Amino acid sequence: MLKRLRQSGRHLLSADVWKSRLVFWAGAGMVGLVAAFFAEVAVYANELFRGLLSFSPYWAFLVAPGGLVLVAWLTVRYFPGSQGSGIPQAISALGMREQLLRERLLSMRIVVGKILLTVVGLLSGASIGREGPTVHVGVGIMFYLGRLAKFPHHYMDRGLILAGGAAGIAAAFNTPIAGIVFAIEELSRSFEERTSGTLLTAVLLAGITSIAVLGNYSYFGTTSSVLAFNAAWLAVLICGVAGGLLGGLFSFLIVWGSRRLVPVYRRHPLLLAAICGLVIAFVGLLSDGRTYGSGYHAARELVLGTGTVSASFPYLKMIANLASYLSGIPGGLFAPSLAAGAGLGAHVAQWFPSAPASAIVILGMVGYFAGVVQTPITAFVIVMEMTDNHALLLPLMATSFLGYLTSRLIQPVPIYQALADSFRAAPAAAEPRKEPSPA
């Protein structure tokens with residue numbers, strides 16, 4: 001017993017142990033700081049594009065394809081491996097045994113490129129979010145610092161990657177519980193006792209840092225809407241099934257399109273980006289500019305009951321999201337999916353005039369989001385935290401699981417797991433492209 005106490009004391013006073021802890025704590029705080037910076041810059045980029053459209057909506061037909069071509073060129077030339085959401089890269093890195101392959105997906109070059117290119121994409125009107133990129137950034141920062149401090153292998157293998165992903169979600173949206181659940185449900189697909197303390201510490205420090213910069217806020221504002229246990233609960237069934245079908249269809253098209261367009265992306269990446277940019281501009285014109293960017297403003301207005309959208313909005317938003325992702329530029333799916341789901345909920349709410357529209361909007365968000373990502377617990381937890389509405393917990397849970405089960409009928413493999421396969425199969429694609437040497 002005495003021997004164990006002495007060993008424990010030496011462990012607590014070990015310089016190497018404290019060095020690892022300090023580097024880890026600093027890394028978690030850095031993730032929170034970078035996430036806060038990323039959030040502010042992303043909002044500014046969205047506003048700049050909206051300001052441009054105030055002069056003429058037709059500017060989008062020049063800016064969207066031109067901006068996406070620029071982002072695609074920078075991605076291929078300087079930041080290969082940074083395309084897409086970033087969550088598939090984190091999942092792939094967890095499954096890789098070779099350290100060099102992980103470094104290609106989680107380097108600091110990728111971290112810088114992810115932030116820069118996502119912001120330029122938002123400046124171009126692309127229908128993308130910053131949540132997936134923030135996960136990629138968080139994982140990259142923690143992984144880099146782990147290498148710098150020469151952490152033990154098990155930290156590298158699981159703890160740091162999971163902690164970086166959890167901290168990224170928590171700091172991006174001020175949703176600490178969702179960050180932990182996301183790391184367990186999506187990234188690792190299991191609960192590991194040895195990494196649970198690492199996750200909690202990372203989320204705590206990243207969240208505190210983000211709040212210190214941005215303040216304590218609810219992403220979509222605060223709503224106290226409730227759904228009485230009566231005929232209005234039929235909205236749970238409709239939002240769950242319809243959201244699952246649409247979300248599953250969207251996931252299927254993303255996975256199928258990503259695989260089918262690989263030859264086109266390799267041979268003509270700029271042409272593909274230009275075509276997708278024109279699609280985004282055309283859809284934006286049809287939606288009166290509501291489908292550009294992350295969709296945050298439209299979703300927040302629907303949640304708070306201060307705005308409306310057309311019945312076609314969720315479907316147009318889906319098309320814009322699809323075109324943005326298939327263009328090959330960096331950008332996330334969370335926020336755009338939540339916006340499309342909010343539009344679906346607003347449409348369903350018209351069938352229940354006696355029920356609070358805000359409550360059904362939130363159900364639409366969680367049903368569609370669960371259908372897209374197929375992580376039902378993360379879906380209802382993150383929406384609950386984003387709207388600061390705990391009174392809807394049971395309807396949200398029911399809608400989320402309905403959306404998840406329905407979605408699997410169309411897309412059996414979860415979207416991020418399916419997309420991660422491309423990085424596992426072709427890790428060399430993440431290497432920088434080398435110019436041929438002159439003859």
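Throughout, read-outs are computed from the coordinates displayed, never taken from laboratory work. As the structure is a computational prediction, the values presented were derived from the model and not from experiment. For neighbour counting, all protein chains shown are included, and Cβ atoms are generated from backbone atoms with ideal geometry for every residue, glycine included.
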Need one word for the stretch 25-78: rounded, prolate or oblate. Basis is the Cα gyration tensor (sqrt eigenvalues a ≥ b ≥ c); a/c below 1.5 gives rounded, then a/b vs b/c decides.
oblate
Take every Cα pair under 8 Å in the stretch 212-345 that's 6+ residues apart, average their separations, divide by the length, and report that relative contact order as a whole percent.
31 percent
Could the peptides 283-289, 312-318, 55-61, 23-29 be put in order, highest first, of the mean number of other beta-carbon atoms found within 10 Å of their residues?
312-318, 23-29, 283-289, 55-61
List the residues whose amide H sits under 5 Å from the amide H of G332, counting only those 5 or more places along or on another chain, with H placed 1.01 Å from N in the peptide plane.
G129, R130, E131, G132
Report the Stokes-Einstein translational diffusion coefficient (µm² s⁻¹, integer) for the stretch 231-425, Rh taken as the Kirkwood radius over Cα pairs, at 25 °C with viscosity 0.890 mPa s.
148 µm²/s
